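Please read the structure below before turning to the comments.
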Amino acid sequence: MPSQEEKEILTFNTKVLHDIFKTSWKNPKTKVGKEALILSAEYLRIFTTQAIIRATNEAMNEAGGGSLIKLEVAHLEKEVGLLKICETFDVL
């Protein structure tokens with residue numbers, strides 16, 4: 001039985017992911033398994049969490065370590081780009 005902490009972890013809806021995946025498939029008969037959708041949702045959850053953590057750290061550095069920070073889309077855009085590069089070169 002999952003713990004309370006495990007129940008509170010937000011994740012991506014696998015039905016929505018399936019619908020997004022379908023938009024890029026050339027063959028309408030292409031299918032994806034439940035396990036692959038669950039794995040994809042977990043990958044996106046980790047990727048998103050890491051991007052938010054890094055963007056928050058960047059915003060904190062820009063604010064000079066103050067207690068009030070302003071997290072902006074630009075922080076996320078910068079970090080997502082870096083995460084893509086790290087993933088490409090297997091740095092994560």
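The values are calculated or read from the model by the stated rules, or taken from the named source; none is laboratory data. What you are looking at is a predicted structure, and each value in this text was computed from that prediction instead of being measured. Heads up, the Cβs are rebuilt from the backbone with ideal geometry, glycines too, and the neighbour counts pull from every protein chain shown.
Tabulated values for the structure
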| quantity | calculated |
| --- | --- |
| Which listed residue, of 87, 79, is at pLDDT below 80 and touching a helix residue (DSSP H, G or I) at 6+ places or on another chain (Cβ under 7 Å) | 79 |
| Among the residues listed as 42, 35, the single one being modelled with pLDDT of 90 or more, under 23 Å from residue 18 (Cα atoms), acidic (Asp, Glu) and under 17 Å from the mean Cα position of the chain (by Cα) | 42 |
| Qualifying positions in the stretch 9-48 - outside any loop (DSSP other than H, G, I, E, B) and among the basic types (Lys, Arg) | 15, 22, 34, 45 |
| Top-ranked residue of the stretch 47-82 - restricted to ones that are more than 22 Å from residue 10 (Cβ to Cβ) and of a type in the set (Lys, Arg), ranked as surrounded by the fewest Cβ atoms within 10 Å (Cβ to Cβ) | 70 |
| Pairs where the first residue, in the stretch 12-26, is surrounded by 10 or more Cβ atoms within 10 Å (Cβ to Cβ) and the second is of a type in the set (S, T, N, Q), C-beta under 6 Å, 6+ apart | 17/40 |
